[in-house]
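The next block holds one structure in the form of structure tokens; read it before the comments.
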Amino acid sequence: MKVLVCAADHEDKKLAAFASRFFASCGSAELVPEAAFVRTAKKKAQAALVYFDYGLGEKRVLELAAKLDGVEDSAWGVVDRGGEAQDPAAFFRAGASDYVGPALFKAGFSPERLEAVFAFAGLEAAVCEPEEDAFTGWSEIEEGSEVAVRFCYAAVGNQKWLLERIGEKRLGKLRDDFAAFLESWSKEYGGVVWIRDNSGCLVLFPPNDAGMNPTLAALRLLLDRALIGYEVFKLEVPLTFRFAFHRGHTMWRKPGATGSIVSEDVNFAFHLGTKAAGDGYILASADAKRDIPDCIADLFAPAGEFEGRSLVASKRFKD
Amino acid sequence: MKIRSALSHLLKKCLIESLNADMQERMAQDIIASYDLRARTGFPPNIPMQSQTAAGRIVDDIVDAALVLHFVERLARLDQEGFMGRPYRVSGLRELFKQIGAEGYLWDSETSRFMEDPRIRRTPNWGRLVPGEELWFSLLRIDVVKNSRLVKVHGETAARGAYGDLRAILARVVERRSGRIWSTEGDGALAAFLFGHSATQSVLAGMALTHELFMYNRVYNKIGEPLRVRAAVHTGPLRYGTDVAEMLKQETCQEVIEAESKWTPPDGLAITRAVAGTLDRVLLDRFASRAESGGRALVYTVSWGTP
């Protein structure tokens, strides 16, 4: 049994995060753009609970829900994050099995609630068996315990050149702004900025994707570097980034309390980012290679070895 | 824009407290050409008109013509720049702005105009343009490459789905930069930008579109071949109208269509010289001249550099 969230836009990051955060540990969760849903509704919605984003419009939600008529083992609900629906009960009269209002959207809901929704919908109830090692959030991890994570060292590129062009003060401000930018960027994909050094940040991502894959998201940042430099950081000079990915283990400490950590993987991730990575592309260790999605795998090629581990590097976008 | 009586009263009060009848009429003439206050009120030319009488008539006429935003913008300019070398202070402007803001409009300091708050509504005329109004726009035109082949090979349903995705992407990149999509008929679309630095906003939207499509084709595209688009940006004067087909006949629209169809490679974004001249160097450097255009356009594409 799976959960689908149907929205107008495949880039609706809040809904993607919603889908990942609240459903990922309870089975399969997927954000489906409206256009794709219309094409594949009959097939996709089989054995599925489909949540429609109220942003599609009430009339459209009901039209899309009607497409589920006759689809085996399917049910539907509405995600109304803005609390805009005047009469949520109307959805139930039209056959809905759930309604997620703003408070629930923000707070999230438990596997037990999802199980109750399935039961109410008359669907197979035994669907909510979170994987044993499912990632449940950074705040849930016990201090000092060992965790499997994905490391991403991210930094502003061309810093020597930038120092000459914009000066030390503005470069320092840019590094601070970039760290703040990474905070919100990584959060969208379940990550957390963990340690900051003089030139960049070490970001941690959960071992499994929560929303967009982080390597794909990093490629997206490289693609958008000119727009980010101009629109976000208000720079009058070109901007690029550098990224290094590694997968491994570390002892968990909260951000800001990481001074006592001794970890081979943390050291390696830092070395990879500060000594091996270059400007304008993504470098990944052999351990992180499996996290590169198939759709961009052709952009990566072997890039030799570093500290005894083989590497792959992405192509660079032309400036 | 629906004008509440409180706003109308406040506007009258501002006029009465700030300007005499002649100056009020002069301001109204900047908004409604050949506005004749005497003819409107029936006052003979030889009898002086009270400020209250003038304000009452002018505001009612401005409200009827749905030009309140334009009129307040004119008063704001008067307050800031004066008139014929003489300074004027328009009292109550701050309160007027506040009330207009409460009606769902934002002040754009770049153009000194009100625009609708995109968090509240998004209409093709930004909630304020009136047909016949000539303004300086920037236009982003896009066209799907080999549209008919796409339909023929993959079927109408699949192609329609891909176009739906394209429209969603376009809406995202355009509306994020205060632009509006004016037309999405067939395999092409036209978006307009008026606020902020409109030429820059339209170029940024065009660049973002090429990036989004790059990712879309790699990650989300379900039709089995890349959805390829040509995009172009041009800037120039345009008489706004509700009939897009009629607007497309105007020179500025024709030029952006020509730039897109003649000078833009698939997956590329072309900008005309008129646009290039207004861009900051950091953006302009991303564009390369294209021989086919005879120097009339520069083109941006996503391409790979050396490793």
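We did not get these values from a lab; they are worked out from the coordinates using the rules stated. Bear in mind that the values here come from a model prediction, so they are computed numbers and not experimental data. Note that we place each Cβ from the backbone using ideal geometry, even for glycine, and neighbour counts take in every protein chain shown.
Numbers for the structure displayed
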item	result
Alpha carbon convex hull of the stretch A:254-319, volume per residue in cubic angstrom	125
Radius of gyration, Dmax [the protein assembly as shown; alpha carbons; angstrom]	28.4, 98
Cβ-defined net charge surrounding residue B:123, 10 Å radius [Lys, Arg +1; Asp, Glu -1]	+3
Spacing of the two label points (7 Å from each Cα toward its C-beta) at residue B:98 and residue B:261, in nm	5.3
Leading residue at positive end of dipole, chain B (Cβ point charges), from B:27, B:250, B:233	B:233
Computed Rg/Rh of chain B, alpha carbon atoms with Kirkwood Rh	1.08
Cβ charges +1 (Lys, Arg) and -1 (Asp, Glu), total dipole of chain B, debye	580
Candidates A:307, A:30, A:146, ranked by Gaussian network fluctuation over chain A, Cα under 10 Å, top entry	A:307
Listed residue (B:43, B:87, B:282) projecting farthest to the positive dipole end of chain B, Cβ model	B:282
Distance in nm between pseudo-label sites at residue B:167 and residue A:307 (7 Å out along the Cβ direction from Cα)	5.2
At R0 = 51 Å, FRET efficiency that the Cβ-Cβ distance of residue A:294 and residue B:112 yields, to 0.05	0.50
Selected from B:290, B:281, B:176 as most flexible by GNM, with chain B as the system and alpha-carbon contacts under 10 Å	B:281
Cα-derived Rg to Rh of the stretch A:186-298, Kirkwood definition	0.96
Rounded if a/c under 1.5, otherwise prolate or oblate - the stretch B:174-219, Cα gyration tensor axes	oblate
Ranked list, fewest to most other Cβ atoms within 10 Å of each Cβ, for A:295, B:14	A:295, B:14
Cα centroid separation, the stretch A:187-242 to the stretch B:137-211 (Å)	26
Distance between the stretch B:29-60 and the stretch B:1-25 - C-alpha centres, whole angstrom	12
B:88, B:300 arranged by Cβ crowding within 10 Å, fewest neighbours leading	B:88, B:300
All lysines inside 17 Å of residue A:234 as judged from Cα atoms, apart from same-chain residues fewer than 8 positions distant	A:169, A:173
Order of B:62, A:166 - criterion: other Cβ atoms within 10 Å of each residue's Cβ, fewest first	A:166, B:62
Hull-based mean projected area of the stretch B:188-269, where the convex hull spans the alpha carbons, in square nanometres	6.2
Calculated FRET efficiency for the pair residue B:289/residue A:176, C-beta based, R₀ 22 Å, to 0.05	0.05
Among B:54, B:158, B:297, residue whose mean-square fluctuation peaks in a GNM of chain B (springs only between Cα atoms under 10 Å)	B:158
Debye, to nearest 20: dipole size of the stretch A:59-216, +1 on Lys, Arg Cβ, -1 on Asp, Glu Cβ	1220
Dimensionless Rg ratio for the stretch B:147-187, taking C-alpha atoms and the 2.2 N^0.38 Å reference	1.32
Surface/4 of the Cα convex hull for chain A, nm²	18.1
Integer Hz, Karplus 6.51/-1.76/1.60 couplings in order for the stretch B:36-50, x for Gly and Pro	10, 5, 5, 5, 6, 9, x, 6, x, x, 8, 9, x, 9, 6
Rounded D (µm²/s) - the stretch A:157-250, Kirkwood Rh over Cα pairs, Stokes-Einstein at 37 °C, 0.692 mPa s	234
Debye, to nearest 20: dipole size of the protein assembly as shown, +1 on Lys, Arg Cβ, -1 on Asp, Glu Cβ	1480
Over 27 Å [Cα-Cα, the stretch A:54-190], rounded percent	50
Computed E for residue A:142/residue A:260 - FRET, C-beta separation, R0 22 angstrom, nearest 0.05	0.90
Cα-derived Rg over Rh, computed across the stretch B:157-306 with Rh taken as Kirkwood radius	0.95
Restricting the stretch A:71-123 to GluC sites (Glu not before Pro) in coil, as DSSP defines it, with at most 13 other Cβ within 10 Å	A:72, A:84
Mean shadow area of the stretch B:1-109 over all directions, Cα convex hull, nm²	6.8
Where labels lie 7 Å past Cα in the beta-carbon direction, separation of residue B:20 and residue A:237 in nm	5.8
